Each structure stands twice: as C-alpha cells, then as structure tokens.
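See structure below.
The values are calculated or read from the model by the stated rules, or taken from the named source; none is laboratory data. Here the structure is a predicted model, which is why all the values come from computation and not from measurement. Ideal geometry is used to build each Cβ from the backbone, glycine not excepted, and the neighbour counts take in all protein chains shown. Just so you know, the surface numbers come from the protein's heavy atoms only, side chains and all, with ligands and any DNA or RNA stripped out. Shrake-Rupley method; radii C 1.70, N 1.55, O 1.52, S 1.80 Å.
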Amino acid sequence: MLLPATIHRRALAVLPLLATLVLSLFGPAAAFADGGATVTPIDPVAETTFFGRGWGHGVGMSQYGARGRALAGQPSTQILAHYYAGTTLGTINPASPIRVVVLTGFRATAARPAVLFGRRGGWVISGIARIFPAGAKLRLWPTAVGSTAWNLRITSATGILLHRSTVRGVLAMRPAAAATRLQVYSRPSLYDLYRGSLRIYLTTTVRVVNVLAIDAYLRGVVPAEMPAGWPAQALKAQAIAARSYAARRLRPGISNYDVVDDTRSQVYLGVAVEKVQTNAAIAATAGVVLKSGASIANTLFHSTGGGATENNENVFVAATGAIVAGPVSYLRGSPDRAPDGTSFDAAAPLATWKTAAYTGDELSAIFANDVRTNVGALTGLDLSSRGVSGRLIRVTLVGALGSKTVSGDVFRAVFNAWRPPIDPLMRSSLVDTQPIP
C-alpha cells in the first residue's frame, strides 16, 4: 500500500495539529517538501545528536513487526499480505536442492590443512570405494604452494590412517547413513555441522558448498533469523519469506552455488541452531512460497522497520542517492502501526535509538575521512530527501569546500566507520536531528 502524498513543510507551520498527526503516523518524510531544500545548520561548537528508528534496510517484512502482528492475533498469511502486498501463495517441491557456500577462499597448508569430519554415522567420498566410520577425519592440503594438486588423508577417530591419495578438482562428501551429519571443521565458527552433502572445490584454495533440500536448509535459517521462542504465526511468516527468498535464487547449472551463508543472502548456521519450534513452522508451511504473477517473489526482510517500511527504489539507490531501481509492486512502503498508532515493532531493542552528541567540528572530522562526504568544515545538512517511511534517500553535506550529495546509506556508513568506536551506531537511514515520533 502506498502512503498518501506528503504534506509540504510550510503547511506544518500553520497546521500544527495536522503535523503532529502526520508525523506520528508516517514519520519525518511527511514533514519535507518536494520543492525547496531544507538545510539543518551545523554549528562548530553546538552539539548535534542523531535520533532514529528501526534497524536494517526497511524493505519488505519487518521481523519485529511480524512478531507484534502475531501477538495482536494476525495469522502468518495476513502478516505476509501486509509486507508483500499483492503476492499470492504458491508451492515448490520442499526437496528441491539448494547449494550454500559454507567455506570459501581457505588457504590450506601442511601445518593448517582443510579439515572435515563425518559425524553420527558413516560417510563416503567420491573416487574412493569405501565407507568411512563416524568420527573419521578428512584432511586436505596442496602438494606445493600454488598447486592445484592436493594431498588427501583420512584417519579414524583414534588416529589410524585409513586412506591417502592425491586429488584434484571437485570432491563430493556424502552421508552413508540417515543419521550422518558432515562437519566443516575449518570453518571459523562453532556452527559447522550440516545436513545433506558437501562439495569440495579444490583450486589453489578450498571452497565447500553444502547441498541439501531447501526445507532442510531452512532448519538452519529460520532460527538464525528469528528467535524460536517468538509466536508461531511469526515463525511461519519467516519460514515462507525465507523459503521464497532462497527459491528465487536457485540457479541449477549456473555457477557452483546458489546462496552464501551470511547476511549477503540470509544467515544459515546448520544443524547446531535447529529448534523444535522453527522446525514445526517449516513443516507446517512445507514448500509454500510467495509469488508475484508466475514468479517467486523477492521476499526481502529486515530486523526492525521503526513504524514504517520503505519502497525498494528509495533504499537500493546509487552511492549519490540517485534512483536507479524500478519499483517492485509488492515491495511498497507503508505504515506498520496498530490502530492506536503504536508501532508493531515497539518492543524491539532498536525500535528507537540515538547516537552520541557531536559538535560541528567533530562531525566535520568524521565526514572528512571519506572523499565522498568531505566538505571541509561542515556548516549544514540537507536531510529533506526522504522516502515514504521517512528514510533518507540522499543527504547533502554543506561545508567550507562546497557541497556533496550521497545516499542515506553512504551517509550512515561513513558515520559508523569513523565515529569513536565506543559510540552508538547509526542503525538505519530513518534518522533525523530530533526525535522521530
């Protein structure tokens, strides 16, 4: 649903009651005019604090908003219909394979080989006609620096050598029993145990790709993205959104993977994070996806909307803030508040937040560290270019050396990178120099 046309800032001066209502419902976007820039003066000595709402990009489903809606009695279908307006429910095969990068660019040596284990049951590896027992260790390291030939050693849990050979190319490590799980021990994380099989790509480095059914994959995604103790309807909404997001990115026959295991795709932590409640939500929605027409929807989601979500084209912009993406029909921003005006994500830790206070000189020093925002002594900020939720599309910094315009996200990223490390982060582009209702 699209928000009403924004109200010109000058009208707020003569309609204070209307202004209060607009700000409480839709945030600061409604307070800015399309014509005529409004520059917030920055004094060298006086302090400025940035106040904001929400965490994340603000497009698609707000996870804390979904929680609030579930607590208010909304079923998962109603939750999804709000955040992805106009989509319909469809299905895919829950056994559809997905390929997930779980280790990449690992530079193995004889002293620090790539190490994998088979756990809980026997396992096999391509090219070797033998089942290896639970607990057996696979080690790989190049025969020489820069070589694409690799030494392979497999030892038992007690250290007995079971196999040795030289290998190249791609290896497939597979479970030989239903209970078997495969461990990528060289992964720099405690979350390194997986269902399905592993493809090991050997060049001058090691890449490991976990191949498994999409609904098995979700068992390691949903509880990583949403706490398992949240309401069942929120978990079901997350399961459908996560399945849709992954299914849209399946590309069999192209490259050697579909998604990665971190926030560049969606977080996947494997077996160790699985929970009864999230497994139940996945099973209850088995194979269900959201569709837009004949296509699976690109179901983006984020932690906390801050009371409103945003149009996709206003968030995924050029570094200058120029609009470069076309509008997606189901990724429209809208208010995310109950009838009484309370934000559905009001219980989120970052529903509202603020930065530390900075003098103009301190802000000048922060933004001088990046050529995109360095305007010398900062004298003003134009924060008037905002989307329907109030998120900054672009920011113009005005200073002694002239002015520069960057996207809201570049402005936020530069601030976060160069603020004093102990100071709070700027958590989203829904930010202003005064508290946002």
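May I ask you to verify whether ARG337 is among the basic types (Lys, Arg) and touching a Leu at 6+ places or on another chain (Cβ under 8 Å)?
The answer is yes for ARG337.
Going by the structure shown, is LYS291 within 30 Å of TYR217 (Cβ to Cβ) and either of a type in the set (Val, Ile, Thr) or assigned to a strand (DSSP E or B) (or both)?
So LYS291 fits the description; yes.
If ARG251 satisfies every condition in (1) basic (Lys, Arg); (2) touching a residue at least 24 places away in the same chain (Cβ under 8 Å); (3) closer than 15 Å to ILE98 by Cβ but one, which is the exception?
(2)
When region 226-243 is examined, which residues are found to be closer than 16 Å to TYR84 by Cβ and surrounded by fewer than 24 Cβ atoms within 10 Å (Cβ to Cβ)?
GLN233
Hey, ALA286 hits all of (1) in contact with a Ser or Thr (Cβ under 8 Å, 6 or more places away or on another chain); (2) assigned to a loop (DSSP other than H, G, I, E, B); (3) over 21 Å from SER407 (Cα atoms) but one; which does it fall short on?
(1)
Residue by residue, here is whether (1) modelled with pLDDT under 95; (2) among the β-branched types (Val, Ile, Thr); (3) under 26 Å from the mean Cα position of the chain (by Cα); (4) at positive phi holds:
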site: THR379; (1), (2), (3), (4): no, yes, no, no
site: LEU392; (1), (2), (3), (4): no, no, yes, no
site: GLY402; (1), (2), (3), (4): no, no, no, yes
site: ARG412; (1), (2), (3), (4): no, no, yes, no
site: PRO420; (1), (2), (3), (4): no, no, yes, no
site: VAL431; (1), (2), (3), (4): no, yes, yes, no
site: GLN434; (1), (2), (3), (4): no, no, no, no
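With respect to TYR257, is the statement that it is modelled with pLDDT of 95 or more and either in contact with a Lys or Arg (Cβ under 9 Å, 6 or more places away or on another chain) or open to solvent by 10 Å² or more (accessible area, probe 1.4 Å) (or both) true?
In short, yes.
Quick check: anything in region 416-425 touching a strand residue (DSSP E or B) at 6+ places or on another chain (Cβ under 8 Å) and among the aromatic types (Phe, Trp, Tyr)?
The first filter runs over region 416-425 and keeps only residues touching a strand residue (DSSP E or B) at 6+ places or on another chain (Cβ under 8 Å), leaving 419-420, 423-425.
Cutting the leftovers down to among the aromatic types (Phe, Trp, Tyr) gives us none.
Within region 416-425 (the criterion being touching a strand residue (DSSP E or B) at 6+ places or on another chain (Cβ under 8 Å) and among the aromatic types (Phe, Trp, Tyr)), the answer is no, since none of the residues qualifies.
Taking GLY229, is it in a loop (DSSP other than H, G, I, E, B), at pLDDT 95 or above and within 20 Å of the chain's Cα centre (by Cα)?
no
Are there any pairs with C-beta distances below 7 angstrom linking a residue in region 146-166 that is at positive phi to a residue that is open to solvent by 40 Å² or more (accessible area, probe 1.4 Å), with the two at least 6 apart or on different chains, and if so which?
That search, which allows pairs on different chains as well, returns GLY146/THR204.
Please determine, by comparing only the residues of region 194-216 that are in a helix (DSSP H, G or I) and open to solvent by 10 Å² or more (accessible area, probe 1.4 Å), which one is nearest to VAL271 (Cα to Cα).
Step by step, filter region 194-216, then rank; the result is ALA216.
Among the residues of region 217-225, is there at least one that is under 21 Å from ALA294 (Cβ atoms), crowded, with 23+ Cβ neighbours inside 10 Å, in contact with a Leu (Cβ under 9 Å, 6 or more places away or on another chain) and not hydrophobic (A, V, I, L, M, F, W, C)?
Scanning region 217-225, I find no residue that is under 21 Å from ALA294 (Cβ atoms), crowded, with 23+ Cβ neighbours inside 10 Å, in contact with a Leu (Cβ under 9 Å, 6 or more places away or on another chain) and not hydrophobic (A, V, I, L, M, F, W, C), so the answer is no.
For region 175-220, give me each residue that is without any contact (Cβ under 8 Å) to a residue 40 or more places away in the chain and either among the β-branched types (Val, Ile, Thr) or more than 30 Å from ALA149 (Cβ to Cβ) (or both).
Across region 175-220, the qualifying residue is only ALA216.
Against the condition modelled with pLDDT of 95 or more and surrounded by 22 or more Cβ atoms within 10 Å (Cβ to Cβ), how does ALA284 come out, does it pass?
no
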